[in-house]
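The values are calculated or read from the model by the stated rules, or taken from the named source; none is laboratory data. What you are looking at is a predicted structure, and each value in this text was computed from that prediction instead of being measured. All Cβ positions, even for glycine, are placed from backbone atoms using ideal geometry, and neighbour counts span all protein chains on display. With ligands, DNA and RNA removed, areas are computed over all heavy atoms of the protein, side chains included. Shrake-Rupley method; radii C 1.70, N 1.55, O 1.52, S 1.80 Å.
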Amino acid sequence: MTVTAVSTTSQRKPAEAIVVDDVHFSYGKRPAVRGISFAVAPGEILGFLGPNGAGKSTTIKMLIGQYRPERGSIRVLGHDVVREREAVQSRLGVCFEEKNLYPTMSGVEHLRFFARLHGLREVDVDGLLGRVGLATRGRDRVAGYSKGMRQRLMIARALVNDPDVLVLDEPSDGLDPVSAQTIRGVIREQAEKGAAVILTTHDMWEADALSDRVAFINDGRIYAIDTPESLKLAHGKRSVRVRMRRNGEIEERVIEWSGESSAAALAEATSDGELVTVHTEEATLEAVFIEMTGRGLS
Amino acid sequence: MTGSRPSRASLVVTIMRKDLIELSRDTVWLVLTPLVLVFAILIFWLLPDSVDETLTIGVYPASLAASLEGLALADGEVGLRVIGFDDEEALAAAVLGDGERAGGAVTAGLAFPTGFLLRIMTSQPTEVRVFVNADVPPEVRGALEGGVREMAFMLAGAPVPVTLLPDDEMVLGVDRAGAQVSLREQVRPLAVFFVLITESLALASLIATEVGSRTVAAIIATPARVADVVIAKGLTGTLLAFSQALVLLVVLQGLGTQPLVVLSAVLLGSLLVAAVSLLAGAAGRDFMTTLFIGVLFLIPMMIPAFALLFPGSASWWMQSLPSFGVLQALHGGATFGLGFGDLSGAFASALAWTAGLFAIGGLVLARRVARS
């Protein structure tokens, strides 16, 4: 099967912070990533969408230098991630999917430890904890943290070196809606400061709301990469749901929106009786994903 | 915010500090460490610090045994028991331990030549063969020689020229003459090694947890490399094991007259068990599997320590165990006051094993970390 990544926004500036070029990786004989290419500009948030086993985490692991690509190259901030690993790591912030924290250490101790690994002696640990809503619990040991608190600490840890590239694997996993909103705010702030952000998520709504662009990944390949809006316009189906009262009864009709013929159908549908409600419905990213890849995200 | 690029040394120290913080909050380790120390110290002090030096002397021919029974040896504290033999070879075998008599081993044997009594009665020069067990000290050997002369004096009524030529004195087994050691001294290397092993298991558990929970992945996503993690773990393990063993040695007064030799042996032992920790920690999935794998490695390494408790039980294959060199150097330095020159072989063996195991442990852990 030949897959071509679709891009409908050709006017974009060339991405520079992250450049992934025709990258391949296999686990033994099982290919996990097959020729992925994409780029992320400074200040841009790229959402990586795909089901489990699609190749998202493997791509992330190559991006952060944990796995070495078998073919192709990855450049972060102009440095090759394999040959110039240290130059990349010092400007990278990573939030892992697993809650890989030390239960016997406090939030403050975590941030100080990771700051020292980045060569930083003075870090505003309290300020950082405040940004993720952990100001009052920073001195407590992680063993006493809830799942959401651990996730917030992981975000704070990823920000400890004020990174130019932020890699987030399921950043709002396990968070309540308020905490998730806080975290999204923090991610946006970092992007506004010029950081290139790449995040994986299963949450379509989050990807849609947070990402400047999204990449659909499946079976080790990128099927499409573009802004959520463009993807939905190009590949999704829109519709209008009309509810009319006729002879005392409510009738509902869904009109697929596909141009002038749809306008005529809407006019016809609303010409007789009392209009109760009209709703336009946009395609969801999930629907677009299914449309393009033939499978769901979960 | 970009800090100054951290040096390899500072990264290693940072990881070590974190490991020590974690260990200082590990309840199991906090309880186990002093418990093992106290246990080792208690065992040491409960064991006897003196040696029973009652001697069983075999005499050939058996007809002369009765003449020796009334003999008082020069050292009044040394008891004497005499057993007669009708065969010189049987006497030698009894001294070696093969033909052990009821009531205990024969520690020395005197083989008198045919016509011995006639020769001393006529003041003719004569020779006596002496078989000496390996653990008979020189002062007792001297007493034996004196005893033979005194017996000749008693029988002849005047001094007679009995010669015990150096060539005739046969030492059977490994010569430990002058190196009589009490059980307490013999148990010291075992106690030290036991403490080293306890510390190594704590580190192995820490490594397994770090790899299993993938916290190590977060470390290597910073400028720290896999090698920094491996070196830090190895050094932390060595530091912990060495410091505990040092405390034990000080309490047990085990530094002896060769403290540098003893400390070097303990340092090598600490490195050795730290290397095993890297292996066990990398292979283990949780505390129990790590413990199992660690014990699988460490039990065979305890065998040479037990062999020290039972001299003569050391088989050739024990010398091929990784811990043999360390324990030989430790025992030689702490108990017999041997120097680096005397123990060069033991140190060379210990060094080779330590370097080899450390390299293997480091590689296995590095591979596991990289794949986490």
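Using a Cα-Cα cut-off of under 19 Å, which lysines could be cross-linked to B:K233, ignoring same-chain neighbours fewer than 8 residues away?
Within reach: B:K18.
Taking H placed 1.01 Å from N in the peptide plane, check which residues at least 5 places from A:V214 or on another chain put their amide H under 5 Å from its amide H.
A:G47, A:D226, A:T227
With heavy atoms of protein chains only and a 1.4 Å probe, what residues of the range B:216-240 have at least 20 Å² less accessible area in the full set of chains than alone?
Flagged in the range B:216-240: B:A217, B:A218, B:I219, B:I220, B:A221, B:T222, B:P223, B:R225.
Heads up, I need the accessible area for A:R34: 1.4 angstrom probe, whole protein in place, Å², nearest 10.
For A:R34, the solvent-accessible surface is approximately 80 Å².
Using a Gaussian network for chain A with springs between C-alpha atoms less than 10 Å apart, which of these wobbles most: A:M149, A:M105, A:M62?
Residue with maximal mean-square fluctuation among A:M149, A:M105, A:M62: A:M105.
Could you order peptides B:287-298, A:47-58 by the average number of other Cβ atoms within 10 Å of their residues, highest first?
A:47-58, B:287-298
Taking Cα pairs under 8 Å and at least six residues apart, what relative contact order does the range A:25-113 come out at, in percent?
18 percent
Taking 2.2 N^0.38 Å as the expected size of a compact globular protein, what ratio does the Cα radius of gyration of chain A give against it, to two decimals?
Working: Rg = 22.5 Å, N = 298, 2.2 N^0.38 = 19.2 Å.
Against the empirical 2.2 N^0.38 Å value, I get 1.17 for chain A.
Express in whole angstrom the spacing between the alpha-carbon centres of the range A:140-202 and the range B:210-256.
Measuring centre to centre over Cα atoms gives 32 Å.
Probe radius 1.4 Å, ligands and nucleic acids ignored: give me the carbon and sulfur share of the accessible area of the range B:248-333 as a rounded percent.
After summing per-atom areas, the C and S share lands at 75 percent.
According to the square roots a ≥ b ≥ c of the eigenvalues of the Cα gyration tensor, what is the shape class of the range B:216-328, taking rounded for a/c under 1.5, prolate for a/b larger than b/c otherwise, and oblate for the remainder?
Working: a/c = 2.60, a/b = 1.55, b/c = 1.67.
Here the range B:216-328 falls in the oblate category.
So what are the ³J(HN,Hα) numbers for the range A:72-89, from phi and the Karplus equation (6.51, -1.76, 1.60; θ = phi - 60°), rounded to whole Hz, Gly and Pro as x?
x, 9, 10, 10, 10, 6, x, 9, 6, 5, 8, 7, 10, 4, 5, 4, 6, 4
What are the residues whose amide H is under 5 Å from the amide H of A:G35, where those residues sit 5 or more places off or on another chain and H is modelled from the backbone?
A:V23, A:H24, A:F25
Would you mind counting up the charge near A:R131? Only other residues with Cβ under 15 Å from its Cβ, with Lys and Arg at +1 and Asp and Glu at -1.
Overall, the nearby charge balance is +1.
Against the longest alpha carbon principal axis of chain A, how many degrees, from 0 to 90 and to the nearest 10, is the axis of helix A:177-192 turned?
It works out to around 70 degrees.
Just the number, please: buried accessible area between B and A, total of both chains, 1.4 angstrom probe, nearest 100 square angstrom.
2900 Å²
In the full protein assembly as shown, how much of A:Y27 is accessible to a 1.4 Å probe, in Å² to the nearest 10?
Roughly 80 Å² of A:Y27 is accessible to a 1.4 Å probe.
Other chains' Cβ within 10 Å of A:95-102 residues: what's the mean?
Average neighbour count from other chains, rounded to a whole number: 5.
Go through A:70-77, B:240-247 and give me the packing order, highest mean Cβ count within 10 Å leading.
B:240-247, A:70-77
How long is the range A:174-298 along each principal axis, judged by its Cα atoms, biggest number first, in Å?
So the extents along the principal axes, rounded to whole Å, are 57, 34, 27.
For a quick check, take a GNM of chain A with Cα springs below 10 Å and name the residue from A:L134, A:L117, A:L153 with the largest mean-square fluctuation.
In this elastic network of chain A, the residue with the biggest mean-square fluctuation among A:L134, A:L117, A:L153 is A:L117.
What average count of beta carbons from other chains do you get within 10 Å of the Cβ of residues in A:263-269? Walk me through the numbers before you get to the answer.
Details: counts 0, 0, 0, 0, 0, 0, 0.
That average works out to 0.
Using heavy-atom solvent-accessible surface (probe 1.4 Å) with all chains present, what is the largest-first order of A:H202, B:H331?
Largest to smallest exposure gives the sequence A:H202, B:H331.
Could you work out, residue by residue across B:21-27, how many beta carbons of other chains sit within 10 Å of that residue's beta carbon, and then give the average as an integer?
3
At a Förster distance of 25 Å, what's the computed FRET efficiency of A:R30 paired with A:E98, Cβ-Cβ distance as r, to 0.05?
Taking R0 as 25 Å, the efficiency between A:R30 and A:E98 is 0.70.
If you place +1 on the Cβ of every Lys and Arg and -1 on the Cβ of every Asp and Glu, how big does the dipole about the Cα centre of the range A:12-227 come out, in debye to the nearest 20?
540 debye
Relative to the compact globular guide of 2.2 N^0.38 Å, what is the alpha carbon radius of gyration of the range A:237-281, as a ratio?
Taking N as the residue count of the range A:237-281, the ratio is 1.10.
Only helical DSSP H runs with n ≥ 4 go in: add -39500 (n - 2.57) per run for chain A, normalise by residue count and round the 222 nm mean residue ellipticity to 500 deg cm²/dmol.
On the way: 10 runs with 93 residues, N = 298.
That comes out to -9000 deg cm²/dmol.
For the range A:12-227, please report how many Lys pairs fall under 25 Å Cα to Cα, leaving out neighbours fewer than 8 apart on the same chain.
Within the range A:12-227, the lysine pair count is 10.
Would you list A:K99, A:K29, A:K193, B:K18 from the most to the least accessible area, probe 1.4 Å?
Numbers: A:K99 55, A:K29 205, A:K193 130, B:K18 5 Å².
Listed by decreasing accessible area, they come as A:K29, A:K193, A:K99, B:K18.
Given the whole protein assembly as supplied and a 1.4 Å probe, what does the accessible area of A:R246 come to in Å², nearest 10?
Accessible area of A:R246: about 50 Å².
Over the range A:237-281, calculate the relative contact order: mean separation of alpha carbon pairs under 8 Å at least 6 apart, over the residue count, as a percent.
52 percent
Along the range A:267-275, what does the Karplus equation 6.51 cos²θ - 1.76 cosθ + 1.60 (θ = phi - 60°) give for ³J(HN,Hα), rounded to whole Hz, x for Gly and Pro?
Those phi angles translate into 4, 5, 5, 9, 6, 10, x, 9, 6 Hz.
If one takes the longest principal axis of the Cα atoms in chain A, at what angle in degrees, from 0 to 90 and to the nearest 10, does the Cα axis of helix A:107-117 lie?
70 degrees
Of all DSSP beta bridges in the range A:12-227, what percent run antiparallel (nearest 5)?
Working: 21 of 38 bridges.
Among the beta bridges of the range A:12-227, antiparallel pairing accounts for roughly 55 percent.
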